[in-house]
Amino acid sequence: MLVLFETSVGYAIFKVLNEKKLQEVDSLWKEFETPEKANKIVKLKHFEKFQDTAEALAAFTALMEGKINKQLKKVLKKIVKEAHEPLAVADAKLGGVIKEKLNLSCIHSPVVNELMRGIRSQMDGLIPGVEPREMAAMCLGLAHSLSRYRLKFSADKVDTMIVQAISLLDDLDKELNNYIMRCREWYGWHFPELGKIISDNLTYCKCLQKVGDRKNYASATLSELLPEEVEAEVKAAAEISMGTEVSEEDICNILHLCTQVIEISEYRTQLYEYLQNRMMAIAPNVTVMVGELVGARLIAHAGSLLNLAKHAASTVQILGAEKALFRALKSRRDTPKYGLIYHASLVGQTSPKHKGKISRMLAAKTVLAIRYDAFGEDSSSAMGVENRAKLEARLRTLEDRGIRKISGTGKALAKTEKYEHKSEVKTYDPSADSTLPTCSKKRKIEEVDKDDEIPEKKAKKSKIKVKAEEEEEEEEQEKVLVVEEETSIKKKKKKDKKKHIKEEPLSEEEPCTSTAIPSPEKKKKKKKKRDNED
């Protein structure tokens, strides 16, 4: 029996010397403990060496795809067919291909796997003419080449550069802010009015670098940097400035800081262009969906484009808001709706009530774009443009949703009524100026009594529910009114007796309609007067 053994250096074909020992599978490893024992079991019959790593890569990629290389085909025709012996193969798929194309009987079994393991352990002693150092170098080179081929490696697909570029961009922004604040504060002691007139930081530093001392503004020309109106305002402010005088050494140090700010700003613009180009090369669809900066921050947060492609859409939506998420889970409050994706242009142009919906939809489409960029062979941004158009259309429908009405079965246009201004025009009431009553109290009380006697006919049955307590209160009020009427009748009788006027009894007269209850002090005074009169 012959054995086909593939190495990183070349193909090796071994002849099995003692096939009886192959029957003992469990104890076969003992026969390969030393090179001397291994040479008693198998012997090298032919060795076909690779010329370089490219040839080795081509041979192994063919073996992994279940194909026979031309070099291997020549060896098998030359040696195996002449021997007329079965061939032991490590891969059953490869054995089937060899049997189809070359009509050779191939064997694949657990015994063959143990035999291959033993040959691999004593490979240095079984294959003469190959140094261990050369074998290790070829093995390492083939491993790198094979991994590049399997992952379809490309130098343009390195996302590590994006991670470093976006981190450096954030650091530059922080440093620029610190430097510009220091520059404005430092030069503000000499010319404080300039900071209020020129708001742009880069223009401020360029003006300062060109002029220096505020005394030079009168003779300097700043038309290249500033408009005419601003230039005239700066020159006028320089003449009447409230700043202190500084030395030339101080001005030199301030100017040196300005040059640093200008150089860093120019480098930042260059780095931003580099990041744009790199993002369009590595993740064009993600760039179209969320922009260069947000896409780069997502990749940097996940570690790589492949790691980001493994995340779900819900994870990408809140990526960057981990602290808020765990704080919300701990305190049992509402979880955040967005993280880094909040800075995307689609979310920014949405109204606050629709930001959660748009961020969820944008995260779902962005994950598709990430996976397409990470695992797809095509490098076009057509899918990203199509998905962005769908999201923009969805955004428009959400914003115009106030015109539409959603029913249980479907959507229908709402019936819009014609707008009519129904507010009443309020006029000035001159009667409110007078403090005198327009009518007598007696007439008002009579009108109130008449209104109380008229029942409310138009009131709904559900609203007319008189409680027992209210009825009792009304009865008490009626009793009080009756008592007052009786007291008033008695008073009138006494007065009539004194004056000796013969009239009809007061009981036949109409009762007094006054509902006012006299205070207890007044009652006491009236009782005293009655006693004195009696």
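Some observations on this one:
- Within segment 390-412, the set of residues being among the hydroxyl-bearing types (Ser, Thr, Tyr) and at pLDDT 85 or above comprises just one member, 397.
- Hits in segment 125-138 (condition: closer than 23 Å to residue 54 by Cα and surrounded by 11 or more Cβ atoms within 10 Å (Cβ to Cβ)): 127, 130, 134, 135, 136, 137, 138
- Tally of residues being touching a Phe, Trp or Tyr at 6+ places or on another chain (Cβ under 9 Å) and more than 17 Å from residue 265 (Cβ to Cβ) across segment 198-230: 4
- Test: residue in segment 225-245 that is among the hydroxyl-bearing types (Ser, Thr, Tyr) and either surrounded by 18 or more Cβ atoms within 10 Å (Cβ to Cβ) or without any contact (Cβ under 8 Å) to a residue 40 or more places away in the chain (or both): no
- Summed over segment 283-303, the residues that are touching a residue at least 40 places away in the same chain (Cβ under 8 Å), touching a Gly at 6+ places or on another chain (Cβ under 9 Å) and not polar (S, T, N, Q) give a count of 7.
- Residue pairs whose Cβ atoms lie under 8 Å apart, sitting 6 or more positions apart in sequence or on different chains, and linking a residue in segment 197-212 that is closer than 11 Å to residue 226 by Cα to a partner that is buried (at least 16 other Cβ atoms within 10 Å of the Cβ) and aromatic (Phe, Trp, Tyr), are 198/204.
- Tally, over segment 3-22, of residues that are over 59 Å from the mean Cα position of the chain (by Cα) and either of a type in the set (Lys, Arg) or open to solvent by 40 Å² or more (accessible area, probe 1.4 Å) (or both): 6
- Which numbered condition residue 250 misses (of (1) under 40 Å from the mean Cα position of the chain (by Cα); (2) at pLDDT 90 or above): (1)
- At least 1 residues being surrounded by 15 or more Cβ atoms within 10 Å (Cβ to Cβ), at pLDDT 80 or above and within 53 Å of the chain's Cα centre (by Cα) is the threshold, and among the helices (runs of 4 or more DSSP H) wholly inside segment 23-89 those reaching it are 53-64.
The values are calculated or read from the model by the stated rules, or taken from the named source; none is laboratory data. Predicted model only: the values in this text are computed from it and were never measured. Note: ideal-geometry Cβ built from the backbone for every residue, glycine included; neighbour counts use all protein chains shown. Quick note on the areas: whole protein, heavy atoms, side chains included, nothing else; ligands and nucleic acids left out. Shrake-Rupley method; radii C 1.70, N 1.55, O 1.52, S 1.80 Å.
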